[in-house]
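The values are calculated or read from the model by the stated rules, or taken from the named source; none is laboratory data. Here the structure is a predicted model, which means the values were calculated and not measured. Using ideal geometry, Cβ is built from the backbone for each residue, glycine included, and neighbour counts are taken over all protein chains shown.
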């Protein structure tokens, strides 16, 4: 197989056509059939380019080439749920106006394929790596990172590396991430409640049904919700715009809109609305900031009824100089009537901007792009945190609209080609 752009686009299209949204486990497939299928495809692709591969029980897998110190490139093949309102088939890999559409094109299958083809091009040019380059592919990045836990049990840890799962030029700082489950007894007049798919996605749709209340209907209509009254029950549908949970300001949270409407009659929902309507946490005393990483963000991502309680999942990204225990205490003190349970978390990452790894990646990026760049901080979380010495590197380009975790996610094919070139130069500089 040739390591050219045509074959790279075909490989990406093949991967996009595999629905790798995490599903309930099956025998030998801990994250469902789609994730296992995507991993199998990627490992076979690596084998075609001469990589030695290993599948770790369909939790994750890796392909390795070269000798010497272990250098890691860590990406993921699972994707977030599709959501509503797509204009292109989410697993169709359709190309329109120079863009390939599909869930995972940018997060993270496109950058993963770009790295594979960058290494393959170097090998096909006859160059011999001075390090062992191991491309590690996870299948549970969007949920709980069980894939990386499985890797750590039996596999060698890279000395250094990067994750192609964020932004260019280089990410040397990632905020801490912590999820919380917040619940309170459901008022008996509320008959149903549902919103969102994942905590780390801004929900674009939320709905509820309640015994008819004039104030709720008035506020719901004022906020653009659809309402219907039938047999004394008010049905409410709230609409928003999806976005990545690390950038809630890029979306419109349908759950917050729904809580505002329900808050017209129910104090607990009004408290939730007031607490979480501000992206920066100012509504609940979490307006935290530091110079290294910026401001805290929060996203109420899901809501449901469970055991007679209204249950919300909250995604918080906090500055690197703070800790998650403080977050928990502030939530408890400001929502005293709610039950609060801390869930999955990832500690912050910070690598000095003048470190050799950061400088080498910046040089590769700037050499291709003709720029002079500095590393940046993000609220997103990448596998770079898994490494003893690692950062995130691409593939979102500055100035290009991000559709990650949104409907009609796409990758610009000219940027995809440029992405391969950047990874080629970076890997050559660091490993050859």
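Some observations on this one:
- Yes/no for residue 340 being buried (at least 21 other Cβ atoms within 10 Å of the Cβ) and either touching a residue at least 24 places away in the same chain (Cβ under 8 Å) or assigned by TED's automatic domain parsing to the domain that holds residue 168 (or both): no
- Single condition residue 144 does not satisfy, out of (1) over 28 Å from residue 50 (Cβ atoms); (2) under 18 Å from the mean Cα position of the chain (by Cα); (3) modelled with pLDDT of 95 or more: (3)
- Being crowded, with 17+ Cβ neighbours inside 10 Å, over 18 Å from residue 84 (Cα atoms) and in contact with a strand residue (DSSP E or B) (Cβ under 7 Å, 6 or more places away or on another chain) is true of residue 281.
- Filter result (within 12 Å of residue 172 (Cα to Cα) and crowded, with 21+ Cβ neighbours inside 10 Å) within the range 358-374: 358, 361, 362
- Sub-6 Å Cβ pairs linking a first residue in the range 15-42 that is in the same structural domain as residue 405 (by TED's automatic domain parsing) and without any contact (Cβ under 8 Å) to a residue 60 or more places away in the chain to a second residue that is part of a loop (DSSP other than H, G, I, E, B) and surrounded by fewer than 17 Cβ atoms within 10 Å (Cβ to Cβ), at least 6 apart or interchain, are 32/23, ordered by first then second residue.
- Number of the condition not met by residue 209 [criteria: (1) farther than 30 Å from residue 361 by Cβ; (2) in contact with a strand residue (DSSP E or B) (Cβ under 7 Å, 6 or more places away or on another chain); (3) touching a residue at least 40 places away in the same chain (Cβ under 8 Å)]: (3)
- Candidate set: the range 377-398, residues that are more than 19 Å from residue 77 (Cα to Cα) and at pLDDT below 95; chosen: the one farthest from the chain's Cα centre (by Cα): 377
- Among the conditions (1) on the phi < 0 side of the Ramachandran plot; (2) free of Cβ contacts under 8 Å to residues at least 60 places away in the same chain, residue 97 misses just one, which is (1).
- Evaluating residue 220 against the criteria (1) assigned by TED's automatic domain parsing to the domain that holds residue 391; (2) buried (at least 23 other Cβ atoms within 10 Å of the Cβ) leaves one unmet condition, (1).
- Residue match in the range 286-294 (condition: in the same structural domain as residue 335 (by TED's automatic domain parsing), under 20 Å from the mean Cα position of the chain (by Cα) and over 18 Å from residue 202 (Cα atoms)): yes
- Check on residue 83, modelled with pLDDT under 95 and buried (at least 18 other Cβ atoms within 10 Å of the Cβ): yes
- Filtering 237, 188, 209 for residues that are surrounded by fewer than 19 Cβ atoms within 10 Å (Cβ to Cβ) and assigned to a loop (DSSP other than H, G, I, E, B) leaves a single hit, 188.
- Of all residues in the range 315-340, exactly one satisfies the criterion of being assigned to a strand (DSSP E or B), closer than 17 Å to residue 268 by Cβ and out of contact with any helix residue (DSSP H, G or I) (no Cβ under 7 Å at 6 or more places or on another chain), namely 339.
- Filtered residue count, the range 388-425, keeping only those that are assigned to a helix (DSSP H, G or I) and in contact with a strand residue (DSSP E or B) (Cβ under 7 Å, 6 or more places away or on another chain): 2
- Sole exception among (1) farther than 25 Å from residue 387 by Cα; (2) crowded, with 24+ Cβ neighbours inside 10 Å; (3) within 16 Å of the chain's Cα centre (by Cα) for residue 197, by number: (2)
- Close contacts from the range 363-385, counting a first residue that is under 26 Å from residue 179 (Cβ atoms) and a second that is assigned to a helix (DSSP H, G or I), with Cβ to Cβ under 7 Å and a gap of 6+ residues or different chains, come to 383/148.
- The combined condition, being in contact (Cβ under 8 Å) with a residue 60 or more places away in the chain, in contact with a strand residue (DSSP E or B) (Cβ under 6 Å, 6 or more places away or on another chain), under 26 Å from residue 94 (Cα atoms) and crowded, with 16+ Cβ neighbours inside 10 Å, is not fulfilled by residue 65.
- Here is the figure for the range 212-234: residues that are closer than 21 Å to residue 276 by Cβ, part of a helix (DSSP H, G or I) and touching a residue at least 12 places away in the same chain (Cβ under 8 Å) total 4.
- Test result for residue 132, more than 20 Å from residue 22 (Cα to Cα) and not assigned by TED's automatic domain parsing to the domain that holds residue 319: yes
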